[in-house]
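S.K.: My structure is below; once you've seen it, I'll send some questions.
The values are calculated or read from the model by the stated rules, or taken from the named source; none is laboratory data. Computed from a predicted structure; not experimentally measured. Glycine gets a Cβ as well: all are built from the backbone with ideal geometry, and neighbour counts include every protein chain shown. What goes into the accessible areas is simple: the full protein's heavy atoms, side chains included, and nothing from ligands, DNA or RNA. Shrake-Rupley method; radii C 1.70, N 1.55, O 1.52, S 1.80 Å.
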Amino acid sequence: MLMKFIPALLGEHNLKDYARAREEFDFQNVEKEFSWYATGRVNIVYEAVDRQVEERGLGQQVALYFESGDRQEEYTFGRLQSEAARFAAFLKKYGLQKGDRLGIFMPRSPELYISFLGAARLGVVVVPLFEAFMAEALKDRLGDCGAVAVVTTPELYPRLPLEQLPALKHVFVVGENVPAGTVDWHKEMSLVTETPPMEWVGREHPLFILYASGADGKARGLVHVHNIMVGLLITARWVHDLRPGDVYWCTADPGWITGIAYGFLAPWLLGIPVVVRGGRFNAEDWCATLAKYRVSVWYSAPTAFRMIMSGGEELLSRYDLSRLRHVLSVGEPLTEEVMEWSLAKLGQPIYDTWWMSETGMNMICNYRCMPIKFGSIGLPFPGIEAAVVDDEGRELPPGKIGNLAIRAGWPAQFRAVWNDPARYEEYFRYKPWFMSGDAAYRDEDGYFYFQGRLDGVINTSGERVGPAEVESKLEEHPAVARAGVAGKPDKLRGEIVKAFIVLNPGYTWSDELAAELREFVKTGLAAHAAPREFEVKESIPLTRDGRVDRRVLREWVLGLSED
Ligand code: WTA
C-alpha cells in the first residue's frame, strides 16, 4: 500500500519545528507563564477567567457563545468572573468548603460552566455527570465520591436516587418550577450580595473527579488537579494552534474529559472564546453553527464528521465556512474516508489527536508543522515519551503491536482513582510506564498507529462504555441468565454495543424482548450504553477464573469464531 501523507504547513503555526521542540521543550518553562509562578497563589479559575479580566484587559471580550433551542447568549470573561464568584458565595452559604464534592448533572448550559467555575474557585471538587446517566450510574458515582450537593435541572432531578445517597445534603436546581425540597439556583444567585475572595489552593489540589468506564464493573473516579492547566495551556497553543482572534468550538459534552479540558478550560487559559451548542446532534445545525460564529478552530470526532458527510453533497456548500482554518479529531480512529472528505469539502486535512480521560491532555497528535501520515495518531507531544511495550512492560521495536504506554509524570496526569489506590497503581504496574490499555504500534519514523482496545472497553461514537456494567445490568432482567457484551465494528459509530445473552428457562427470544432489554439498560444505566444488537447464545465463554472471556467475545463480534 502506498503510504498517503499530507505535507507539513511550514511557517504559519505556533509549534514551528517538532524535532527541535522535542529536544528543547520543558514543561517547567510553561509554568513561568502562569501568575502563580510569581505570586505562589494557585487556582485554575484565576488563570482561565479572572486573569483575563484583571491582567489582560479581556473583561469585555466574549468567552462563551451559547446556543440551544431558543436560548442564545453571550458571556464575556468579565461576566463569567462575577457569576462564578456569586456561585462560590452561594455554595458557601450552603456550607460547602474546599475539598467537598459537588456533582454537576445537567445538559450543556451557561449555568453548568458557571457552576464548574464557581465551585473550583472555592476549592470545591467538581464531579461532572453525563446527562444520559440514569439512577444506577448516578448512585455509583455520587455515592463513591460522597458528593454533598448536586446541580441539576427539573427534568433530570427525578433520576437522582436521593434515598440511596446519604452524604447528599442539597440539590440545586436550574430552571423554572423547582421541585419541593430543592434549592432554586437562579433565585439563590440573585440573593448574593457579597462574594468570597478567590480560594488559593495547591497545584495538587483536586479540581474534578471524572468517572470513566473500565473493563471491570465499577466506574473509576479519575482525580484531576489544578496543575492540569500546565498541560492544557501548551497543548491549546501547539496542538489546537489557538491564537488571538480565533473562535474555538469543541463539540464534546462537558460530561466527558474532552468537553472539560478542551471544551472550555484550555481555550480560556489563552483568552480564546468558545462556542457551546446544546441539543441533539443535527448535521444542518452544526454547519450553521460553524458559519454563524465564524468558527476558526474546530475539535470534533469521527462519528460527527461521518454524520455530516451523510448529510449530503450540498450541505456544506450552503454555508460559509471560510473562517475554518484548523480541524482536529479525537476519540475514535480517524478513517481515510473522513480524511478524504475533509480534504475535498473543507479544503484541509483533519489533525488527529490521541489521549484519554486518564492523561488529562492531548498526548500523541498530528501537528501543523509535520507531515500527516494517513491512519496514524501522530507523534508524542514534546516533553511526553510514548512507547509500545509487551505484557511485561518491555519496549517493543517498530512494527510490533503491543500496549501503548506513556512515561509517567506528565503535568496533566490523573493523580488518583478516588477511593481505590489499588486500581491507580495497576495503571503503573510496569515502571516507569503508564499503561493505556490501547493497542498500538510505531513505525520507523516514530509515528504511532492505534489498533483498538486491549481490555474490551467499548468506544461507541467516542463514548467509553464498560462491558461489565452493561452485563450486570442485563443480568438483573428476569429473562437474562448470563450476558457478554462487546464492541462490534460499525461504519458510522466506530463501534456499537453488542450483547450476547443466555436466556432463562421459560423465555423465548422476540423483537419485543430485544426492545425491552434495550430500554432496561437505557433507563437503568445510560442511553449510550444500551446494546444496539443482541444475539442469543447457549453459553457465555468464561476464563478459568470465571470472568467473561473478552477475547472470545471479540472473535464472535468479528465473526471469526462461532463458539
Ligand atoms: C480512544 C477521550 C483512536 C482510545 C479523549 C482511548 C482514540 C479512549 C483516539 C479514551 C484517537 C482516543 N484514535 N482512538 N485519536 N483518542 N481514543 O477516556 O481507545 O473518553 O483509550 O478519552 O478513546 O477515551 P476517553
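S.K.: Given a 1.4 angstrom probe, I'd like the percentage of the accessible area of the chain that is carbon and sulfur, rounded to a whole number.
M.R.: The C+S portion of the solvent-accessible surface of the chain is 49 percent.
S.K.: Could you provide, to the nearest whole Å², the per residue accessible area of the stretch 242-303 with probe 1.4 Å?
M.R.: That works out to 25 Å² per residue.
S.K.: Separate question: Identify, among Ala38, Val62, Val470, the residue whose Cα sits farthest towards the positive end of the charge dipole of the chain, taking +1 on the Cβ of Lys and Arg and -1 on the Cβ of Asp and Glu, with the dipole about the Cα centre.
M.R.: Ala38
S.K.: Only helical DSSP H runs with n ≥ 4 go in: add -39500 (n - 2.57) per run for the chain, normalise by residue count and round the 222 nm mean residue ellipticity to 500 deg cm²/dmol.
M.R.: -7000 deg cm²/dmol
S.K.: Continuing with the same structure: When the gyration tensor of the stretch 104-153 is built from Cα positions, what are the square roots of 5 times its three eigenvalues, in whole Å, from largest to smallest?
M.R.: Values for the stretch 104-153, descending: 18, 14, 6 Å.
S.K.: Separate question: Asp455 label point, 7 Å along Cα→Cβ, cut-off 20 Å on backbone N: hits in the stretch 257-295?
M.R.: The answer is 257-258, whose backbone nitrogens lie closer than 20 Å to the label point.
S.K.: Taking the Cα atoms of the stretch 406-464, report the difference between the largest and smallest coordinate on each principal axis, in whole Å and largest first.
M.R.: Taking the Cα atoms of the stretch 406-464, the three principal extents are 38, 28, 19 Å.
S.K.: May I pose another question? Considering only Cα-Cα distances, which of the following residue pairs are longer than 29 Å: Lys345/Lys373; Lys139/Lys292; Lys98/Lys292; Lys32/Lys98?
M.R.: Pairs exceeding the cut-off: Lys139/Lys292; Lys98/Lys292.
S.K.: Considering only the chain, what is the antiparallel percent among its DSSP beta bridges, to the nearest 5?
M.R.: DSSP beta bridges in the chain are roughly 60 percent antiparallel.
S.K.: Here is a further query. Amide H to amide H under 5 Å from Ile496: which residues, 5+ apart in sequence or cross-chain, H placed 1.01 Å off N in plane?
M.R.: Counting only residues 5 or more places away or on other chains, the set is Lys488, Asp490.
S.K.: Over all distinct Cα pairs, what is the inverse of the mean 1/r for the stretch 129-188, reported as the Kirkwood hydrodynamic radius in Å?
M.R.: The answer is 11.6 Å.
S.K.: Where both residues lie in the stretch 458-557, what percent of DSSP beta bridges are antiparallel, nearest 5?
M.R.: That works out to approximately 80 percent antiparallel.
S.K.: How large is log10 I(q)/I(0) at q = 0.11, 0.12, 0.13 Å⁻¹ when the Debye formula is applied to the Cα atoms of the chain, each weighted equally and without solvent?
M.R.: For the chain, the Cα-only Debye profile gives -1.05, -1.27, -1.50.
S.K.: Another question about this same structure. What list of ³J(HN,Hα) values in whole Hz, one per residue of the stretch 264-278 in order, does the Karplus curve 6.51 cos²θ - 1.76 cosθ + 1.60 (θ = phi - 60°) give from phi, with Gly and Pro shown as x?
M.R.: Once rounded to whole Hz, the list reads 8, 4, 4, x, 5, 4, 9, x, 9, x, 10, 9, 10, 10, x.
S.K.: Using only protein heavy atoms and a 1.4 Å probe, report how much of Ile501 is accessible, in Å² to the nearest 10.
M.R.: Answer for Ile501: close to 0 Å² accessible.
S.K.: Assuming 1.002 mPa s and 20 °C, estimate D for the stretch 458-557 with Stokes-Einstein, Rh taken as the Kirkwood radius over Cα pairs, in µm²/s.
M.R.: This corresponds to a translational diffusion coefficient of 159 µm²/s.
S.K.: Right, here's the next one. Which whole-number value in Å² is the accessible area per residue of the stretch 458-557, probe 1.4 Å?
M.R.: 46 Å²
S.K.: Can you sort Ile272, Ile401 by 1.4 Å-probe accessible area, starting with the largest?
M.R.: Ile401, Ile272
S.K.: Step through the table entries Lys218/Lys488; Lys93/Lys218; Lys92/Lys187; Lys431/Lys498; Lys16/Lys491, compare each Cα-Cα distance with 26 Å, and write down the pairs that go over it.
M.R.: In this structure, Lys93/Lys218; Lys431/Lys498; Lys16/Lys491 exceed 26 Å between Cα atoms.
S.K.: Where does each of Tyr46, Tyr299 land when they are ordered by accessible area, with a 1.4 Å probe and the largest first?
M.R.: Ranking Tyr46, Tyr299 by accessible area, largest first, yields Tyr46, Tyr299.
S.K.: Same structure again: Rounded to the nearest 10 Å², what accessible area does Ile104 have for a 1.4 Å probe in the complete protein model?
M.R.: 10 Å²
S.K.: If you don't mind, another one. Between Ala479 and Leu560, what FRET efficiency comes out of the Förster formula 1/(1 + (r/R0)^6) with R0 = 22 Å and r the beta carbon distance, rounded to 0.05?
M.R.: 0.20
S.K.: Please arrange Arg423, Arg79, Arg86 by accessible surface area, largest first, computed with a 1.4 Å probe and ligands excluded.
M.R.: Arg79, Arg86, Arg423
S.K.: Lys and Arg at +1, Asp and Glu at -1: add these up for the other residues within a Cβ distance under 10 Å of Ala526 and post the number.
M.R.: Summing Lys/Arg as +1 and Asp/Glu as -1 gives -2.
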